[in-house]
């Protein structure tokens, strides 16, 4: 068992290591990008990666506080479902109006890997191999689809 500080340091170390793998890669549009804190440019639309002691997950997360607006964006993404799954090379889970760790209503399109433990350095290659192609594929998808989501 780790102290809170040790757990925080290990998590930070993982994301730093992951970031180093992706730093040389340019976006689909040939730009430098912060892969870990990816900016979609669309308000309330985020690409989130998470790793804990049980699993890793990557998601498109919709956080609009108005659930009807959130549903509208979710439905817009549904119209792009085939294009998204083709870019990813796999199908993801779709969850309209679920709750996040802060009990806010969010909608998510996501993929998980389990078991995977971010606190076990032996699992880091598995987590990195899970996240890397998917965030790159999300970027490729978003470079084409984002114009449909501009306000």
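All of 44, 85, 97 fail the test of being crowded, with 17+ Cβ neighbours inside 10 Å and either at pLDDT below 95 or under 21 Å from residue 149 (Cα atoms) (or both), apart from 44. Of all residues in region 3-50, those that are on the phi > 0 side of the Ramachandran plot and in contact with a strand residue (DSSP E or B) (Cβ under 9 Å, 6 or more places away or on another chain) total 1. Summed over region 16-41, residues that are surrounded by 13 or more Cβ atoms within 10 Å (Cβ to Cβ) and in contact (Cβ under 8 Å) with a residue 24 or more places away in the chain total 11.
Every residue in region 107-129 that is within 11 Å of the chain's Cα centre (by Cα) and buried (at least 16 other Cβ atoms within 10 Å of the Cβ), please.
As a first pass, look at region 107-129 and keep what is within 11 Å of the chain's Cα centre (by Cα): 108-112.
Passing the criteria: 108, 109, 110, 111.
The values are calculated or read from the model by the stated rules, or taken from the named source; none is laboratory data. Here the structure is a predicted model, which means the values were calculated and not measured. Note: ideal-geometry Cβ built from the backbone for every residue, glycine included; neighbour counts use all protein chains shown.
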